Structure formats: C-alpha cells, structure tokens
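The values are calculated or read from the model by the stated rules, or taken from the named source; none is laboratory data. Predicted model, so just to flag it, every value in this text is computed and none were measured. Positions of Cβ are backbone-derived with ideal geometry, glycine not excepted, and every protein chain shown enters the neighbour counts.
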Amino acid sequence: MIATGDITGLILAGGRAQRMGGIDKGLIPFLEKPLIASAIGRLQNQVGPILINANRNITQYATYGYPVILDETPDFSGPLAGFSAGLKACKTPYMLTSPCDSPLLPLDLASQLANEMERGNFQLVYASSQEADGKVWAQPVFCLIRTDLLGSLERFLQKGDLKIDRWFKELRSGTVIFNDANAFANVNTPEELQNLEKISR
C-alpha cells in the first residue's frame with residue numbers, strides 16, 4: 001500500500017493562460033475563492049506535503065502556507081517544467097500532480113492512481129476521463145509519478161522535447177479511467193468558468 005504521507009501533491013499554477021488573456025488562472029475567483037483554493041481543498045486529504053508550482057504572484061500563492069517553487073526556465077515551458085521543479089523539491093517517494101484550474105478534481109484521485117501503480121508495477125499512472133458518449137480522453141497532467149524518475153525527465157527535457165505524452169511513452173505507464181468527465185474540466189474561458197460554477201452549485 002502506498003501511504004498518503006508518501007505522496008507529495010504538486011499543484012501546477014505556472015502557466016501563461018493565454019486563452020484567458022494572460023490572467024493568472026490560479027487566482028481567478030471560483031465560487032468567491034481563488035481556483036487554487038479549490039485545488040488545495042480537494043487534494044489536501046489525499047496527499048502528505050503540498051507544493052505549488054508558480055512563476056508569478058509568488059507572494060499571493062505563498063499565503064496558503066505551502067512552499068512555492070518556480071520553473072528553472074523562465075519561459076513558461078509547460079507542465080513538464082513544473083513536474084521537473086516539483087520532483088527536485090519532492091522529499092517523498094511519490095508525487096501527485098494536478099493543475100490549479102480543475103476545481104472538481106476527484107477526491108479519490110490519489111488512491112485510484114496509487115492502486116493501479118501497485119497493481120501493474122508502473123513508474124507513472126495518469127488519469128483518463130470517459131465522456132457520456134463513451135469516448136476516453138487522457139488527462140496527463142493528473143498523474144502519480146515515482147520521484148526516482150527525475151533523471152529520466154531531465155534527459156527528456158534536455159532533448160528540447162516538451163510533449164508530456166512522449167515522455168510517458170518512454171516509461172512503464174498506466175492509466176485509470178474515471179467516469180465523471182467534469183472532474184477534470186478546466187477553466188480556459190470565462191464561459192467555462194461559469195459552467196463549472198453552475199455544475200458545482
């Protein structure tokens with residue numbers, strides 16, 4: 001059994017949010033609280049320590065009481081740059097990643113991914129969502145990673161590749177399909193924000 005305390009939660013708030021006009025997504029109000037607060041609320045009972053990966057508004061993120069870590073590259077290189085920063089700061093054997101803008105993320109995300117990791121002896125397990133029409137979509141920014149993969153990730157990034165699914169293909173990776181597609185819905189436009197608020201009310 002992978003214990004809760006052996007998993008560090010990494011909340012990814014380091015993106016540029018171009019589709020939202022460049023606003024810092026983690027700080028957008030959702031049901032009157034910043035989106036990051038929803039992510040923390042849904043993750044905090046699933047993991048031990050929590051880290052926040054952000055590249056601006058550091059002092060605001062620090063008010064939540066968790067360490068804020070920055071990408072090593074200043075050019076918003078996407079989630080893998082956040083993964084790399086997180087793995088370097090992580091002191092537990094496993095790290096669970098989640099973006100800051102999916103306020104309905106599953107409350108059993110860690111336990112489901114951990115069970116699959118042990119069942120298949122995987123190095124990394126990511127979430128997938130099943131839509132009402134049966135279509136399954138990979139949700140690779142929601143994943144449980146063994147912390148000893150830092151070297152593999154650094155070698156991958158040194159090649160100049162930033163595609164998350166290509167790195168996963170180099171590993172023993174598995175997935176867990178969740179039936180609630182809304183659980184992974186994220187906020188890219190003001191309309192999506194309103195829809196998610198409606199669903200969660």
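Listing for the model above:
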| quantity | calculated |
| --- | --- |
| Failed item in (1) within 16 Å of the chain's Cα centre (by Cα); (2) at pLDDT 95 or above, with GLY82 passing the rest | (2) |
| Tabulated pairs, segment 6-28, first within 16 Å of ALA81 (Cβ to Cβ) and modelled with pLDDT of 95 or more, second β-branched (Val, Ile, Thr) and part of a loop (DSSP other than H, G, I, E, B), C-beta under 8 angstrom, 6+ apart or interchain | none |
| Within segment 170-184, tally of residues that are surrounded by 13 or more Cβ atoms within 10 Å (Cβ to Cβ), modelled with pLDDT of 90 or more and under 18 Å from ARG42 (Cα atoms) | 3 |
| Criterion: modelled with pLDDT of 95 or more and in contact with a helix residue (DSSP H, G or I) (Cβ under 6 Å, 6 or more places away or on another chain) - qualifying residue of TYR94, TYR66 | TYR94 |
| Failed condition for ASP108, given (1) surrounded by fewer than 17 Cβ atoms within 10 Å (Cβ to Cβ); (2) more than 24 Å from GLN44 (Cα to Cα); (3) not β-branched (Val, Ile, Thr) | (2) |
